[in-house]
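Q: First, the structure itself, so that you have it in front of you.
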Amino acid sequence: MYDRDQLAALTAVVETGSFEAAARRLQVTASAVSQRVKGLERLTGALVVRRTRPATATPVGETLVRLARQFDALEHDASDALGGATTETTVSVAVNADSVATWFTPALVAAAGELPLRFVVRVDDEKRTIDLLRDGSVMGAVTTVPRPVQGCRTVSLGALRYRAVVAASAGQEWDPAVGLRTADRVEFDTTDDIPRRVAGDLLPRGGPATAHPVRSTVHTVPSTEGYLAAIRAGLGWGAVPESVALQEIAAGRLVDAADGRTHDVPLHWQHWRIGSAALLALTEAVVTTARTHLVAPT
């Protein structure tokens, strides 16, 4: 039903951001690219590309881009099967930084042990990785969104558990009821609401905390290692995965900032609903690894 050249033109426009750049990639004229995209629009009865700078896919276009990439994945599998050889397959995924730093990388290693795979990992907030799956940029995503994107499957993985921690130098004088509300805080970036959610879950209702106005400074450090280093150095308190927190506490670099209480973030694995051998191998590795490292959601 869908012409592969038209789908390739649409994908190239979305990936490069313009009709001219897409034409250079495909080694055709910009007019040819435009005609192919218009052919898809006539077929679907809807715009598939926003003619902006850069050009972006509409919701209909996102569906077609995802379809084009799924065709490519299945074609790669068929070529290997018919040719009797196994070539390297590129698998693109979107994952939150804390998962990459704790449990997700072993899943990549396990999958790569089964098939020759080349991974392209895009790191984003766990609430936004779903957007990269929805627009066809990636084949799978670790996300907090349980409802499957159209054309995708979802599997519950468990929860990534967080602990509030503060530098050991602040430990002797630290009062969780006051400190979580009034002390300076470190966040990963401006979209990172986990420390705020940790504080909201862990602060007692009423009591000493309500007597202190909120006057803390919020620092952003968008680097996994830098974020941890900032907390160690005393820039503020923060929320880190429990496995990391326990190592840091045992080493004497950090102390628990919330009397041992924790906060869980449920995670899900969403992936294209196709029979790609590479995607199936990665999905099995992700689910198996997650169930070893994550906790059951509370």
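No lab work stands behind these numbers, since they all come straight from the coordinates. None of the values given here were measured: they were computed from a predicted structure. Positions of Cβ are backbone-derived with ideal geometry, glycine not excepted, and every protein chain shown enters the neighbour counts.
Q: Which net charge results for the neighbourhood of ARG134, defined as the other residues with beta-carbon distances under 9 angstrom from its beta-carbon, given Lys and Arg at +1 and Asp and Glu at -1?
A: My count for the surroundings of ARG134 gives -2.
Q: Which is farthest toward the positive dipole end of the chain among ALA257, VAL145, PRO222, measuring Cα position about the Cα centre, with Cβ charges +1 (Lys, Arg) and -1 (Asp, Glu)?
A: VAL145
Q: Compute the normalised compactness of the range 4-60: alpha-carbon radius of gyration over 2.2 N^0.38 Å, N being the residue count.
A: 0.97
Q: With charges set only on the Cβ (+1 for Lys and Arg, -1 for Asp and Glu), what does the dipole of the range 1-120 come to about its Cα centre, in debye to the nearest 20?
A: Charge dipole of the range 1-120: 660 debye, to the nearest 20.
Q: Would the range 1-131 count as rounded, prolate or oblate if I go by the C-alpha gyration tensor, calling it rounded below 1.5 in a/c and otherwise prolate when a/b exceeds b/c, oblate otherwise?
A: oblate
Q: What Kirkwood radius, in Å to one decimal, follows from the Cα pairs of the chain?
A: That comes to 21.5 Å for the chain.
Q: Another question, then. For the range 1-60, what relative contact order do you get, as a whole percent, if you take Cα pairs closer than 8 Å and at least 6 residues apart?
A: Relative contact order of the range 1-60: 34 percent.
Q: Continuing with this model, one more query. Below 15 angstrom from the Cβ of ALA8, what's the summed charge of the other residues (Lys, Arg +1; Asp, Glu -1)?
A: Result for the neighbourhood of ALA8: +2.
Q: Separate question: Report, in debye and to the nearest 20, how large the dipole of the range 4-60 comes out about its Cα centre when Lys and Arg carry +1 and Asp and Glu carry -1 on their Cβ.
A: That gives the range 4-60 a dipole magnitude of about 80 debye.
Q: Now a separate question. Given Cβ point charges of +1 (Lys, Arg) and -1 (Asp, Glu) and nothing else, what value in debye, to the nearest 20, does the dipole of the chain about its Cα centre take?
A: The dipole of the chain has a size of about 780 debye.
Q: Taking the Cβ of GLU62 as the center, what net charge do the other residues with Cβ under 10 Å away carry, scoring Lys and Arg +1 and Asp and Glu -1?
A: That sum, taken over residues with Cβ under 10 Å, equals 0.
Q: Under the definition of Cα pairs under 8 Å and six or more residues apart, what whole-number percent is the relative contact order of the chain?
A: 22
Q: Same structure, new question: Mean shadow of the range 161-264, computed from the convex hull of its alpha carbons, in nm²?
A: Result: 5.9 nm².
Q: Another question about this same structure. In the chain, which whole DSSP H runs stretch at least 15 Å along their own axis (Cα) and average 0.0 or higher on the Kyte-Doolittle scale?
A: Membrane-span-like by this criterion, though nothing is claimed about a membrane: 4-16, 277-293.
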